[in-house]
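Notes to accompany the following structure.
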Amino acid sequence: MTTINNGLVLKSINELLGEKFFIPAYQRGFRWTDQQVKDLLNDIWEFVNEPPEQEEGKEKPFYCLQPVVVKQYNKDQWEVIDGQQRLTTIFLILKNLENIIDGDKKNFKSIIFDTRKNSEQYLNNILEKDKDNNVDYYHIFNANLTINEWFKEKANNGYPNARVKFLSPFIENTKVIWYQVNDGSNAIDIFTRINIGKIPLTNSELIKALFLRTSNFRGYKADKGDKNNRIRLKQLQIASEWDKIENSLQDDQFWYFISNNTRKYATRIEYIFDLMKDKKDGNDQYFTFYKFNEEFESSKQGKKNPDIDGIWLKIKKYYLTFEEWYHARDLYHLIGFLISTGSSILYLKNNAESKTKTAFKDFLKEEISKIIACQINDLEYGNPMVKTILLLFNIQTILSNKKSNIRFPFDSFKKENWDIEHVRSQTDKTISGNSRRDWAADVLEFFTGKKEWEEQEKEIDLFEEPNKRIPFALLKIIDDEKIDDIEFESLYNEISIKFKEENEPENVVISNLTLLDAATNRSYKNAFFPIKRMTIIENDRNGTFVPICTKNVFLKSYSKKLDEVMYWNRNDADDYLSAIKETLSIYLPSQIEHDEQ
């Protein structure tokens, strides 16, 4: 038995022949379905018939299976922590090929099941008459039958020597990611982590093992002192720097600046690795690990060990580029906008490498101009460009204030699902069901300045008689089991006139829209302007982040006339639109020029 010092290697099926595997009691029996077995055979067959071209100076292409996690059980057995389904299927495939395998080793020496010892015997002597004796036999028999019939089908469809054609690529060029646990971890704990909740080994775990595997330091030269101690210090350095990068990426402000979080990562450093190897959505689950493994092998250049220092330095430089962007206020906002609206961070980084800082900043502004190339006046509710324009309006407002240290919170924008909302109420939307009570409660809070029902009643009692009618009508709507449709509509229209919102513009354009988080958005969708204003001011006072331009809208900071602070009219909307176009004029100067003409 060959002992592996630490971590992982890629092992061909041929290297597993003659090994003994022990399946502990905490694992279930073999349960792969016919389809899972066929999928594996078909994938390997596709590789057999259309193998990737071998690149000059690189290892011969191979088909890679998912990880097999093992721990040394005794001097000649491996305890299988994860991967027993794959190993058992490989055993059955080898069993169907053993008549044409040269040499003494034709299969694994054994697969021993801790609590199902007879299953080991059945694997070696699969009989149909015994298949119903227990559920393990049943699945083993069906899998073996599926394999046998798969080869027969290939023979009947123009491949009379299908087994021979399949054999060499299978045992020589099909490999498993062999992950050996040597750190004293409890096998059951590892099994639980991997299998409960279906958490597989991640690319980052496998890549980390490449960096920290002792065998990768065989040719490591020590300038002074003990070589083993120098190796340990180098491993500790990489592990420490790795943790610092991972910890910094756990800061959501940094993470959501460089990522839209469309892929879920158990460890966020894997995002950096995926970018470095340009992983696409359709690539294999372990694509990134394979690429790093290739880089480790190709970097040896005839030496015993790979260029660990060089590869690790590339990773650090890659990460440090993003960190530099994050701390540079201009770059943070320009790049943050582009990533938030779908630009590839890889595309931006590649351009950064070939430009000076000034040229790169100009490039970013040009990219933004391309994205928002539209006539702002014509944007109506429902057009996705509205959200893009309002996002940039908020970002550029912050960026334009050179003395401010405020930064746009891309983490809040992405996590809280910000969207667009009407500044005025949506009078074309029917309020129904419990939404009527919510609406009435908001209006009543506005009239009384109180949240609690008892305090509201006390406040209403202080009103002069003519002013009590509407508040009491609102209380009635809140209290009644069944709301009268005619009464509600009459009250709604009366309050709409009072708040001067009965004449909503026919086209809901960007001048009546603003950016807001989803929670606040849902709570006041049908509210009138002063109610929305009250909510925004209260949220801001309580520490809830309100987009700066949204707050400015409800404080009427863009309005040139402040005679009606509590109402939103057409003049306010026109002034707001002018402010948007003026702020974004560095990206769309032609719109200002057009307005002046």
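The values are calculated or read from the model by the stated rules, or taken from the named source; none is laboratory data. The model shown is predicted, which means the values in this text are computed figures rather than measured ones. Cβ sites come from the backbone with ideal geometry, for glycine too, and all protein chains shown count toward neighbours.
Could you tell me whether Gly302 is more than 26 Å from Ile389 (Cβ to Cβ), in a helix (DSSP H, G or I) and at pLDDT below 95? The answer is no for Gly302.
Of all the criteria given as (1) farther than 19 Å from Ile406 by Cα; (2) out of contact with any Asp or Glu (no Cβ under 9 Å at 6 or more places or on another chain); (3) loosely packed, with under 15 Cβ neighbours inside 10 Å, the one not satisfied by Ala579 is (3). Thr115 meets the conditions (1) hydroxyl-bearing (Ser, Thr, Tyr); (2) outside any helix (DSSP H, G or I); (3) surrounded by 14 or more Cβ atoms within 10 Å (Cβ to Cβ) in every case but one. The failed one is (3). Scanning the range 510-526 for residues that are under 25 Å from the mean Cα position of the chain (by Cα) and surrounded by fewer than 17 Cβ atoms within 10 Å (Cβ to Cβ), which turns out modelled with the lowest pLDDT? Once the filter is applied, the top-ranked residue is Ala519.
I need the full set of residues from the range 541-572 which are within 16 Å of Phe413 (Cα to Cα) and not hydrophobic (A, V, I, L, M, F, W, C), in order please. Talk me through it step by step, then tell me what you get.
First pass over the range 541-572, keeping only residues within 16 Å of Phe413 (Cα to Cα): 543-551.
Gly543, Thr544, Pro547, Thr550, Lys551 - these are the residues of the range 541-572 that are within 16 Å of Phe413 (Cα to Cα) and not hydrophobic (A, V, I, L, M, F, W, C).
Here the range 103-158 is the region considered, the condition is being under 42 Å from the mean Cα position of the chain (by Cα) and aliphatic (A, V, I, L, M), and the residue that is farthest from Leu92 (Cα to Cα) is Val135.
Does Ile592 satisfy being of a type in the set (A, V, I, L, M), at pLDDT below 90, in contact with a Ser or Thr (Cβ under 6 Å, 6 or more places away or on another chain) and in the same structural domain as Thr388 (by TED's automatic domain parsing)? So Ile592 passes the test.
Sub-6 Å Cβ pairs linking a first residue in the range 488-503 that is assigned by TED's automatic domain parsing to the domain that holds Ala441 to a second residue that is at pLDDT 75 or above and among the aliphatic types (A, V, I, L, M), at least 6 apart or interchain, are Leu491/Ala473, ordered by first then second residue. Of everything in the range 272-324 that is touching a helix residue (DSSP H, G or I) at 6+ places or on another chain (Cβ under 7 Å) and among the polar types (S, T, N, Q), the residue that is farthest from Ile231 (Cα to Cα) is Thr321.
Filtering the range 460-475 to residues that are free of Cβ contacts under 8 Å to residues at least 24 places away in the same chain and closer than 19 Å to Met566 by Cβ leaves Phe463, Asn467.
Quick one: which residue in Ser343, Ser259, Ser299 is of a type in the set (Ser, Thr, Tyr) and either assigned by TED's automatic domain parsing to the domain that holds Lys402 or within 19 Å of Asn394 (Cα to Cα) (or both)? Being of a type in the set (Ser, Thr, Tyr) and either assigned by TED's automatic domain parsing to the domain that holds Lys402 or within 19 Å of Asn394 (Cα to Cα) (or both) holds for just one of Ser343, Ser259, Ser299, which is Ser343. If we keep just the residues of the range 407-429 that are farther than 15 Å from Ala527 by Cβ and in a loop (DSSP other than H, G, I, E, B), which is modelled with the lowest pLDDT? Only one residue fits best here, namely Asn417.
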